[in-house]
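Single-structure report; data block below.
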Amino acid sequence: MKKKAGVTLVDVAKLAGVSVMTASRALSGEGYSSEETKAKVQAAAKQLGYIPNALARMMKGAKTNVIGVVVNDLSSSVVNCFVTALSEEVRKVDMDLFIYNSLGDMGGGKGKRLSQMLHGLWDGLVYVLPRMTDDYLETLEKSTSPIVMINYFRHETSLPVVGGDNVNGARDAVSYLLELGHRRIAFVRGSAYTGQSDLRERGYAAALAEAGIALDPELICEGNFQEQMAMEGTRKLLALADPPTAIFAASDAMALGCFNAIREKGLRIPQDISVIGFDDIPAAAMAQPPLTTLRHPFEAMAQAAVQELMRRIKGEPGRRHRIEFPSELVMRESTGPAPAAMPAKRSRARQV
């Protein structure tokens, strides 16, 4: 038996009683079509189950009505929070979302693939937490495709960036620990590759300096944004002759690694040692005890990124080069007074 051919634009035009060109304009939004014609063509397309050929539209240079979201770590809770928020915002502008995992596609011989990806597959791209080589960034900057980046801090770039305030967020976290009477405060670094950890370390150092406390290199360890590495680093911190009474980790995932090392040592959180993270991933509120952390507004940042991208897709001027959102200190039960110290006045935060 001969296989039945799929529904084509010709079939839709015939049922709607219009020309193929008119049907194409009515469905694509390119060119003028009356509301009556649009309704008639759309009804015919729905009745026939017509699905537009996105590849054909791409080859003709037409809009695809697709926004690409490029990520490099699908296992990251932070990336997932941003992708979820972006999907909601993309729906609001009547576009579709396509997720591209660029892990292992950051440069070198992958430039051709990147170039192909940038042209025609989608109307614009949002990069979420990119860890990219300098040549990869240079390729993006030379692209004519509308691009917006989220939380890129490694280098200055001509591309628009939506980001959170890492420096002041970290300063607030450490200042809060100082208010609780802590003076031996450790910092667990993340990877320097994205620049976020360096900014959070700058805020950590600034808060200590404001309190007249000298920076102690012994109290800074590597975590590389990984739970296991943070656990190993915390073991070393707890083995010091004068161990910290509080730990500020540059991410929630690392803070949870700190939890494991602290319990392994037989210590209590926060009675013996306090812990603060950064990001407020879903696991933070469910940890035992619930984790005090810094929150970046994922939804507001996603909205700003999509709005900025849509301006550029439409050829309108961008709002500004860098859009920065303040972080919020969320106090939970993983922080308390320093051992043998009375808590000072709590401020700048909300209790959850």
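Compute the distance from the alpha-carbon center of the range 159-178 to that of the range 232-247, in whole Å.
Spelled out, the Cα-based centre of one part sits 24 Å from the other.
Whole-Hz ³J(HN,Hα) for each residue in the range 134-146, computed from phi via Karplus 6.51 cos²θ - 1.76 cosθ + 1.60 with θ = phi - 60°, x for glycine and proline: what do you get?
5, 6, 5, 4, 4, 4, 5, 5, 7, 5, 8, 6, x
Could you please report the charge total around GLY233, scoring K, R as +1 and D, E as -1 over all other residues with beta-carbon less than 14 angstrom from its beta-carbon?
Once positives and negatives cancel, what remains is -2.
If amide hydrogens are placed 1.01 Å from N in the peptide plane, which non-local residues have theirs closer than 5 Å to the one on HIS182?
Result for HIS182 returns ALA338.
Given 5 Å bins starting at zero, what is the percent of C-alpha pairs of the range 9-52 in each, up to the one with the largest pair distance?
Bin by bin from 0 Å, the calculated values are 5, 31, 40, 21, 3.
Run the quick spin-label model on THR8 and LEU48: label points 7 Å from Cα toward the beta carbon, then report their separation in nm to one decimal.
1.0 nm
How large is ³J(HN,Hα), in whole Hz, for each residue of the range 11-18 in order, when computed from phi with the Karplus curve 6.51 cos²θ - 1.76 cosθ + 1.60 and θ = phi - 60°, using x for Gly and Pro?
Residue by residue, the range 11-18 yields 4, 5, 4, 5, 5, 7, x, 10 Hz.
Since every read-out is calculated from the coordinates, none of them should be taken as a lab result. Everything numeric here is computed off the predicted structure, so don't read it as measured data. Note: ideal-geometry Cβ built from the backbone for every residue, glycine included; neighbour counts use all protein chains shown.
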